[in-house]
Structures are given as structure tokens and as C-alpha cells.
Amino acid sequence: MMRTHTCGELRAEDIGKHVELAGWIRFSRDHGGVLFFDVADAYGTTQVVYDPEGISEGADRERLEKLFKSFGRESVISVHGVVRNRVPGTEDARNPTGQVEVMIEDSKLLNSSKPLPFEIAEQKGSLLPSEDLRLRYRYLDLRRVQMGNNLRFRHRLLSAARRALDAEGFVEIETPVLVKESPEGARSFIVPSRISPGSFYALPQSPQLYKQMLMVGGMDKYYQVARCFRDEDSRADRQPEFTQLDIEQSFVDDKDVQAVVEKILASVWRSVYGKELKTPFPRITFYDAMHRYGTDAPDTRYGLELNDVTDIVKDAKYEIFQRILGKGGRVVGVNVKAELTKATPTDESAVGRNEVDRLIEWAKSQGMGGLTWMRMTKDGLQSNIVKYFPKEVTQALEAKLGAEDGDLLLFLAGSEIAALKAGGELRRKLARDLKLTEGKDHQFVWLVGCPLFQKDSLTGQLEPFHHAFVCPTAGHIGEDEDIWAIQGMSYDLVLDGSEIGSGSVRCHDPAVQRRIFKLMGMSDEKIEREFGYFLEALGFGAPPHGGIALGVDRLVSILLGCESIREVIAFPKNKKFQSLMDGCPDTVEEARLAELQLLCLAGDEEEKNE
Ligand code: ASP
């Protein structure tokens with residue numbers, strides 16, 4: 001046995017015990033010949049001491065002292081010794097083992113460490129090295145207490161979710177990772193087949209079609225902690241591979257799926273936080289989310305709701321608004337309540353003139369053109385432009401925005417979507433600047449009532465709002481229906497202003513599914529080639545079914561308050577989707593390409609450029 005205890009285990013009750021510990025040397029110091037080592041493992045840190053005066057008679061001091069000299073930072077050692085009280089005044093109250101130390105009787109070097117690329121011990125005020133350096137040596141980064149804790153929290157959350165799903169009768173089923181390429185909104189990674197040259201598998205963007213076919217197969221309740229792959233351009237805080245808690249159920253409607261998710265999350269909450277989670281989560285329609293919060297992923301932990309004041313300000317002689325309204329634009333207002341800015345009535349100290357000027361600059365830097373402001377005083381609304389607003393207009397604005405003494409009213413103008421989105425950005429900025437979410441409980445919201453289709457922002461072509469498998473709310477699409485007005489039976493789960501899940505009731509009728517493919521502009525041949533097998537499956541008595549996928553990386557990172565999902569993934573890719581530790585993506589030898597009967601043009605290009 002290499003250890004009797006972990007490095008996080010010893011307490012005052014253990015004083016006098018002979019123990020064996022094993023771990024890494026995080027710190028060492030020499031106090032006049034008495035050597036102190038902080039030995040750390042996954043569970044904590046224990047101070048061990050070599051005191052030449054206190055060591056037992058038979059010990060080989062010379063060997064031990066020589067050995068200690070060979071101990072470098074992060075060497076891995078084992079220690080045999082006796083637990084004792086620390087000298088009064090040297091206890092460390094922040095460390096659970098901080099009352100005791102282990103007097104070394106004997107020790108062994110299990111493995112030495114090369115000089116470290118960065119400091120592993122978290123010291124007060126120590127700054128993290130660059131992320132690229134951390135990812136290059138991720139295994140060392142994982143030794144840091146914070147990273148270890150992040151991964152353990154993720155494990156606890158997932159195992160609680162598994163237990164809850166199990167209790168609900170869900171069956172964990174693995175679906176393939178080598179799949180047929182299926183357009184699901186993003187680009188798939190493709191994998192060449194050696195034994196069928198010229199043919200390719202794809203890596204799944206999600207197990208969507210397989211989980212639906214599991215329902216056709218009568219599996220009734222499925223889940224999987226599924227790895228998904230999307231070959232997208234690198235974007236802030238995305239990964240080319242990510243993990244979803246993927247769920248599908250037969251004979252359910254949208255409310256049933258939402259209820260199951262709420263039950264699972266409530267159970268996770270109980271197990272991870274020991275707290276009750278308030279369910280059911282509030283529901284908000286896509287229309288309301290856009291109009292009240294300027295986003296389809298609203299953060300409802302704070303107010304600052306948007307109000308469309310177009311009909312009120314149309315009577316003002318204010319040139320900027322007039323110009324935008326003349327082009328069919330809208331004006332959106334936000335009331336920053338005096339108590340949010342911690343201003344006392346008519347005290348401009350918190351969001352004062354300087355801050356308002358800075359907000360205006362910020363709005364311009366976001367391409368918003370500008371920001372109009374007014375402040376509520378005892379004498380009504382005041383600002384440098386209030387003279388262009390007749391009394392009835394300012395009074396109507398006060399009423400609509402609920403303005404009280406000291407409140408700051410901010411207005412954004414533009415096309416409807418631009419003004420709303422700018423309002424959404426402004427809310428986020430104010431919440432950050434005024435620290436409005438500090439100390440607030442997490443808030444889940446269901447986003448419902450989304451359109452089934454949207455226009456591709458570049459081509460203007462019809463594309464699914466979520467994906468092609470969402471069932472229209474009516475269950476079918478009428479011949480003369482206004483396509484843009486159709487809503488889907490979909491629901492997104494939003495946590496603290498980030499989408500962490502997306503799901504829907506699916507089309508189980510192959511005719512409805514085919515109609516959607518056709519509306520997306522697919523020819524019969526293309527439908528047959530890409531989805532023929534799937535439509536065929538739906539035709540063999542597919543039950544009504546629905547499901548959802550929760551983004552595990554994002555959920556965990558929000559709950560831990562991390563800046564990035566990379567903080568909760570053991571071996572993530574960097575922002576350019578490279579793995580710096582093992583150097584992938586990488587070139588492959590010509591012989592491998594030949595085996596696959598592939599020609600690599602990128603390599604030729606490089607040669608040409610040299
Ligand atoms: N397959 C969907 C996705 O990955 C989730 C779902 O509809 O269940 O976004």
C-alpha cells in the first residue's frame with residue numbers, strides 16, 4: 001500500500017498515528033535545517049516536516065538528507081511518518097489539514113519532475129499563465145486545485161443527472177460516432193473510409209436522427225451523454241467537439257419534455273447544492289423575449305426591460321428620431337432605475353454625465369449610431385434635447401417607462417430588429433457595469449413559440465429556425481399557409497441569459513417531414529439521398545416523440561462562474577481549434593493518404609509558396 005491516507009484527510013484526531021502519504025511536492029522551505037514540504041494530491045495538501053532533532057534513533061539521516069536535496073518542485077514522493085500538532089501559531093485555518101503535520105520518519109522519491117513551465121501552487125495574487133501555455137501542458141494545469149475542482153463538479157452534476165434519468169426510467173444508449181453526413185445547420189467533420197475508397201463517414205453534429213430512430217425502435221425513453229462535432233469557423237467560446245445531455249421520449253408533448261427536464265435539474269440541484277430548485281421554470285415567447293429583452297436568450301435576473309416608445313416619440317421634433325422613424329424604424333427605451341445605479345433621487349453620482357457620455361461612446365462603438373438620454377427630476381424629464389419633446393410626449397414617456405425621481409431613461413433608435421438587439425446589448429452592458437447579477441440566484445427560462453423557419457441572413461433563403469425535425473405547432477403545414485407565421489413545437493432552455501438547451505416535439509408523420517425538406521428547397525433526389533432511410537423509418541409506425549439536448553459544457557461553466565467553457569473541459573482545443581498539447585490537427589504521411597486514395601492539395605499549396 002503506497003498510502004494510508006490522502007493528503008486532504010488528516011485531522012487533529014489522527015495525532016499520534018503512523019501514516020503513509022503520497023503526492024507532489026508543491027512547496028518546500030528550509031528553516032535552519034528543519035525542512036518543510038507541502039505534499040499535495042487530488043484531495044488536498046499536508047505539511048510534512050523533516051526535523052533532524054526529532055527523528056527516531058534508527059533513521060538513516062544521511063540518506064534522508066541527500067534524498068531531500070534531490071526533491072524538486074512537483075517531484076512525486078511517498079512519506080512515512082507520525083502525525084503531530086503544528087507548533088501553536090503556525091496552524092493554517094484555510095487548509096482542512098492545517099492543524100497537523102507529519103513528522104517524516106522515511107521517504108521515497110517515486111518520480112522526479114523537470115523544471116515547470118508555470119507555477120502550479122495557487123498563491124495569493126498569483127496570475128495564471130497564458131491560456132496557450134496552460135493548454136500546451138494541460139496535465140500540469142489539471143493539477144491546479146481550481147481545475148481539479150471544476151472537473152469534479154462536472155462529474156457530480158453528470159452523475160446526479162444520470163441517477164435522476166435512471167429513476168425516471170430512461171435508458172442510456174450509445175449511438176454511432178461514424179455516421180452518414182446529415183445537414184443539421186452546421187458543417188460536419190468528414191472521415192475518409194479506407195476500405196471503401198472515395199467514401200466518407202461524418203462525425204455526428206448531434207445524435208438527432210439516431211435518437212428519433214430509437215423511438216421508432218420502441219425504446220421509449222433514451223438518453224446519452226453524447227459527444228457532438230461541428231466543423232464551424234472558430235468563434236468565441238465554441239469548441240469543435242462538445243458534450244450534450246441528449247434526451248428523447250415517445251408519446252410526449254412539449255410540456256411533458258419540459259417537465260422531465262425540470263425534474264432532472266431539480267434533482268441535480270438537490271444533489272449538487274443541497275437546495276430546492278424552483279419549478280416549473282417561467283416560459284416566455286420568442287416574440288416577448290425579443291421585445292422585452294432584445295434577445296432570444298433573456299437574462300431575467302434583473303429588470304431593465306425594453307419598451308417600444310415609437311408611437312409616443314413620433315410627435316417629438318427630435319431630428320434623429322424623425323429621420324429613423326421616416327425609414328420605418330422604431331425607438332426603444334430603457335429605464336435605469338435610480339436604485340439600480342445606487343443614486344439618491346436627483347443625485348447623478350452613479351450613472352452621472354460622464355457615465356452617460358461613456359455609454360454613448362460605447363453605443364457608437366457597437367454600431368448603434370447613438371444613444372439618447374433623459375433624467376427624471378422633480379420637475380419632470382430633463383436633458384439637453386428635452387426641448388424638442390412637447391410636454392405631452394415627455395409625460396407619456398414618463399408614464400410608459402414608470403419614471404420616478406432620479407431614474408435615467410435611455411433610448412435607442414433603428415430598424416426594429418437593430419433597435420431591439422441594441423437594447424439587448426445595452427441591458428447586458430448595464431448589468432455588467434452596475435453588477436446587477438452579483439449574489440442573484442440562477443434563473444432558468446423556457447423560450448417557446450419560436451418560428452419554424454427563418455431567412456438565412458446572407459442568402460435570404462428559407463431555413464429552419466432550429467433544425468429540420470421540429471414539428472409545426474398544428475402538427476402539419478397547410479397548403480396555403482403563411483410559412484413565416486408558422487410556429488414550431490420547440491423550446492429552448494435559457495440559463496442566466498445563455499441558451500443551454502434546445503429541443504422540440506418532432507415530425508413523426510413522414511409526409512410532414514418531407515414537406516419541410518421541400519420547403520427548405522431540397523429536390524426529391526436530394527431528400528432521397530440524404531434522408532430517404534429516415535423517412536422510410538418514420539413510415540413504419542413512428543410514435544409521436546420529442547426530446548431535448550442540454551449543453552453540458554456551457555451549463556457547468558455558468559454554474560461555476562467560469563469565463564469560458566474551456567475551463568470545464570479536460571482537454572479542450574484552443575480558440576483556433578488546435579490541441580496544443582499533442583499538436584493536432586496535424587498532417588499525415590503521404591502513405592496514409594495514398595491508402596485512403598486522397599490527394600492533399602493544401603500541402604501542394606504550401607510547397608508552392610515556399
Ligand atoms: N439535436 C438538437 C441539437 O443538437 C437538440 C434536439 O432537438 O434534441 O441542437
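Each reported figure results from applying straightforward, stated rules to the coordinates on display, with no laboratory input. Every value quoted in this text rests on a predicted model; they were computed, and no experiment measured them. Cβ: placed from backbone, ideal geometry, glycine included. Neighbour counts: every protein chain shown.
Given contacts defined as C-alpha pairs under 8 Å and at least six residues apart, what's the relative contact order of the stretch 158-244, whole-number percent?
For the stretch 158-244, the relative contact order is 28 percent.
Based on the Cα gyration tensor of the stretch 9-128, what are the three equivalent ellipsoid semi-axes, each the root of five times an eigenvalue, rounded to whole Å and given largest first? Walk me through the numbers on the way to the answer.
Values: eigenvalues 91, 72, 33 Å².
Equivalent ellipsoid of the stretch 9-128: 21, 19, 13 Å, largest first.
Run the simple label-point estimate for Asp166 and Tyr139 please: 7 Å along Cα→C-beta, distance reported in nm.
3.1 nm
Provide the gained length on full extension for the span Glu119 to Asp253, in nm with one decimal, where the gain is 0.36 nm per separating residue minus the Cα-Cα distance. Don't jump to the answer; show the numbers that get you there.
Working: separation 134, 0.36 × 134 = 48.24 nm, distance 5.27 nm.
Full extension of this stretch gives 43.0 nm more.
Along its principal axes, what span do the Cα atoms of the stretch 510-610 show, with the longest given first and each in whole Å?
55, 46, 24
Which order do the peptides 107-117, 133-143, 416-426 take when ranked by the mean count of other beta-carbon atoms within 10 Å per residue, highest first?
Going by the mean number of other Cβ atoms within 10 Å, highest first, we get 416-426, 133-143, 107-117.
Return the equivalent ellipsoid semi-axes of the stretch 149-224 as a descending list in whole Å, where each equals the square root of 5 times an eigenvalue of the C-alpha gyration tensor.
So the equivalent ellipsoid measures 29, 18, 11 Å along its semi-axes.
Read phi for every residue in the stretch 218-228 and hand back ³J(HN,Hα) as whole Hz from Karplus 6.51 cos²θ - 1.76 cosθ + 1.60, θ = phi - 60°, with x for Gly and Pro.
Whole-Hz 3J(HN,Hα) from phi for the stretch 218-228: x, 6, 6, 9, 10, 8, 7, 8, 9, 8, 10.
Nearest 20 debye, what's the magnitude of the dipole of the chain about its Cα centre given +1 on Lys and Arg Cβ and -1 on Asp and Glu Cβ?
1000 debye
Hey, can you grab everything whose amide H is under 5 Å from the amide H of Phe189? Only 5+ residues off in sequence or another chain; H modelled, so Pro and N-termini drop out.
When sequence neighbours closer than 5 places are left aside, the close amide H contacts are Leu203, Asp231.
What does the C-alpha gyration tensor say about the overall shape of the stretch 205-291? Classify as rounded when a/c is under 1.5, otherwise prolate if a/b is larger than b/c, or oblate. Write down the numbers at each step before the final one.
Working: a/c = 1.40, a/b = 1.11, b/c = 1.27.
Note, shape of the stretch 205-291 comes out rounded.
Using modelled amide H (1.01 Å from N, peptide plane; none on Pro or chain starts), what sits under 5 Å from the amide H of Gln454, excluding residues fewer than 5 places away?
Glu463, Phe465
Once fully extended, how much extra length lies between Met219 and Arg11, figured as 0.36 nm per residue of separation less the alpha-carbon to alpha-carbon distance?
In short, 69.8 nm is gained.
When the helices in the chain are scored as -39500 (n - 2.57) per DSSP H run of 4 or longer and the sum is shared across all residues, what 222 nm value do you end up with, to the nearest 500 deg cm²/dmol?
Calculated from helices alone, the mean residue ellipticity at 222 nm is -8500 deg cm²/dmol.
What residues qualify as long-range amide H neighbours of Leu110, i.e. H under 5 Å apart, gap of 5 or more or another chain, H built at 1.01 Å from N?
Val76, Ile77, Ser78
Considering Cα pairs under 8 angstrom that are at least six residues apart, work out the relative contact order of the stretch 169-310 and quote it in whole percent.
So the answer I get is 16 percent.
Along the positive direction of the dipole of the chain (beta-carbon charges: Lys, Arg +1; Asp, Glu -1; about the Cα centre), which of Pro572, Gln395, Ala468 reaches farthest?
Gln395
In nm, what is the difference between 0.36 nm times the number of residues separating Glu479 and Leu458 and their Cα-Cα distance? Provide the component values of the computation, followed by the final result.
Working: separation 21, 0.36 × 21 = 7.56 nm, distance 2.71 nm.
The Glu479-Leu458 span can extend by a further 4.9 nm.
Please compute P(r) over all alpha-carbon pairs of the chain, binned at 20 Å starting from zero, and give each bin as a whole-number percent.
15, 37, 34, 13, 1
So which lysines pass the test for Lys278, namely a Cα distance under 30 Å, with those fewer than 8 places away in the same chain ruled out?
Lys211, Lys221, Lys255, Lys263, Lys337, Lys342, Lys421, Lys429, Lys435, Lys440
Highest mean first, what order results for 573-583, 155-165 on Cβ atoms within 10 Å?
My ranking of the peptides, most packed first, is 155-165, 573-583.
For the chain, list the DSSP H helices whose alpha carbon atoms reach 24 Å or more along the long axis and whose average Kyte-Doolittle value is 0.0 or above? Before the final figure, lay out the partial values.
Values: long enough: 145-167 (33 Å, -0.42); 254-273 (28 Å, 0.14); 416-433 (25 Å, -0.53).
Qualifying helices: 254-273.
Please report the spacing between the Cα centers of the stretch 155-192 and the stretch 479-499 in Å, no decimals.
23 Å
Quick check: the distance between the Cα centres of the stretch 74-92 and the stretch 543-586, to the nearest angstrom?
Taking the Cα centre of the stretch 543-586 as reference, the centre of the stretch 74-92 is 38 Å away.
Percent relative contact order of the stretch 325-484, based on C-alpha pairs within less than 8 angstrom and at least six residues apart?
With pairs under 8 Å counted, the relative contact order is 26 percent.
Please state the charge dipole magnitude for the stretch 212-257, taken about the Cα centre, from unit charges on C-beta atoms (+1 on K and R, -1 on D and E), reported in debye and rounded to the nearest 20.
Roughly 120 debye for the stretch 212-257.
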